[in-house]
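Just so you know, all these numbers are worked out from the coordinates, no wet-lab data involved. As the structure is a computational prediction, the values presented were derived from the model and not from experiment. When we count neighbours, we look across all protein chains shown, and the Cβ atoms used for this are built from the backbone with ideal geometry, even at glycine.
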Amino acid sequence: MRRRVNPRGFALAALFALGASGCQGAPAGPAPSSAPAPDRQPPVSAPAGAQATDHVPTVDAGYDVTTASSVTVVVTKRRPLEPLDYVPETLVSLAGVPGGDGLYLRSDAADALVRMAADASAAGAGFRVSSGYRSYADQRAQYGQYVAQYGRAYADTISARPGYSEHQTGLTVDLHVTEEDRGSAVFASTAAGVWVAEHADEYGFVESYPQGGQAVTGYRWEPWHLRYVGADVASAMRASGHATLQEFMGVEDSPDYG
Ligand SMILES: [Zn+2]
């Protein structure tokens with residue numbers, strides 16, 4: 001339930017905290033008069049040697065959110081992959097993970113998934129993989145199928161257009177336990193769903209499309225869709241209280257394609 005905190009409220013609180021600590025850490029100087037001069041305002045960035053901020057990391061923190069092959073790339077309806085038909089360099093088989101025959105991920109994400117699957121299984125919360133890397137052509141076919149079935153407006157809330165899918169990065173998996181919870185919010189209440197909500201960040205995975213996040217992400221809740229960002233980023237994101245990677249990185253909301 002830690003993911004349910006109000007990310008904007010938390011960010012605001014963190015900003016206040018930063019402002020306060022900046023004041024306390026400022027060098028002693030003449031006592032300010034009733035109206036401090038502009039040059040006495042606390043510095044916007046922390047002084048050299050100060051503790052790095054760990055509450056509101058943004059694109060300024062040095063994460064590469066744009067290069068398609070970056071582990072921290074942010075792909076949204078407003079941020080397509082460049083090029084649109086990007087293909088990751090190294091894709092490895094997920095045959096060692098239940099359901100993973102014929103599915104692929106980048107090796108860094110695959111290694112983490114193998115460890116997470118083993119630990120989940122040992123905890124009585126085993127899962128199967130439904131989907132991993134999807135090419136531009138795969139995504140075009142799947143999105144087209146949803147458009148034909150539901151119409152474009154609804155299809156856009158459950159499936160990405162080709163070139164706009166996190167699955168095309170090779171860093172994203174969909175999980176399920178049985179056919180009943182496959183691609184369904186029911187997954188969240190399975191033992192596996194509960195376990196990954198609590199532990200996925202330890203392996204470097206975050207939930208891309210949280211409950212109530214559609215105004216930010218443009219997608220309905222997908223508790224089964226996990227994006228690999230690396231354990232450091234995943235744990236920092238969780239600690240920050242931001243519910244989505246795009247908010248954590250300070251990237252604009254993407255309720256639609258704009
Ligand atoms: Zn997915």
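Assorted remarks:
- Figure legend. Inter-residue proximity from the range 169-194: first residues over 17 Å from GLY100 (Cβ atoms) and acidic (Asp, Glu), second residues within 14 Å of the ligand (Cβ to nearest atom) and part of a loop (DSSP other than H, G, I, E, B), beta-carbon distance below 8 Å, spacing 6+ or different chains. Indicated pairs: ASP181/TRP224.
- Residue check, TYR154 assigned to a helix (DSSP H, G or I) and touching a helix residue (DSSP H, G or I) at 6+ places or on another chain (Cβ under 6 Å): no
- Within the range 224-247, the set of residues being more than 12 Å from GLY213 (Cβ to Cβ), among the charged types (D, E, K, R) and either within 14 Å of the ligand (Cβ to nearest atom) or touching a helix residue (DSSP H, G or I) at 6+ places or on another chain (Cβ under 8 Å) (or both) comprises ARG227, ARG238.
- Look at the range 221-237: where a residue is without any contact (Cβ under 8 Å) to a residue 60 or more places away in the chain and crowded, with 23+ Cβ neighbours inside 10 Å and a partner is in a helix (DSSP H, G or I) and of a type in the set (D, E, K, R), sitting 6+ places away or on another chain with Cβ atoms under 7 Å, you get ALA234/ASP201.
- Scanning the range 117-140 for residues that are part of a loop (DSSP other than H, G, I, E, B), more than 12 Å from the ligand (Cβ to nearest atom) and either in contact with a Leu (Cβ under 7 Å, 6 or more places away or on another chain) or farther than 26 Å from SER189 by Cα (or both) yields PHE127, SER135.
- The residue of the range 238-248 that is surrounded by the fewest Cβ atoms within 10 Å (Cβ to Cβ), among those that are under 9 Å from the mean Cα position of the chain (by Cα) and in a loop (DSSP other than H, G, I, E, B), is THR244.
- Condition met for THR157 (among the hydroxyl-bearing types (Ser, Thr, Tyr) and in contact with a strand residue (DSSP E or B) (Cβ under 8 Å, 6 or more places away or on another chain)): no
- Members of the range 174-216 found to be touching a Ser or Thr at 6+ places or on another chain (Cβ under 7 Å), outside any loop (DSSP other than H, G, I, E, B) and within 12 Å of the ligand (Cβ to nearest atom), listed by number: ASP174, LEU175, HIS176
- Matching residues, the range 90-134, being acidic (Asp, Glu) and under 14 Å from TYR203 (Cβ atoms): ASP108, ASP111, ASP119
- If the condition is being more than 10 Å from the ligand (Cβ to nearest atom) and not in a helix (DSSP H, G or I), then the range 158-173 contributes ARG161, PRO162, GLY163, TYR164, GLY170, LEU171.
Yes or no, residue by residue, for (1) buried (at least 21 other Cβ atoms within 10 Å of the Cβ); (2) within 20 Å of THR217 (Cα to Cα); (3) under 18 Å from the mean Cα position of the chain (by Cα):
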site: ASP108; (1), (2), (3): no, no, yes
site: LEU113; (1), (2), (3): yes, no, yes
site: ALA125; (1), (2), (3): no, no, no
site: SER135; (1), (2), (3): no, no, no
site: VAL147; (1), (2), (3): no, yes, no
site: THR157; (1), (2), (3): no, yes, yes
site: HIS176; (1), (2), (3): yes, no, no
site: SER189; (1), (2), (3): no, no, no
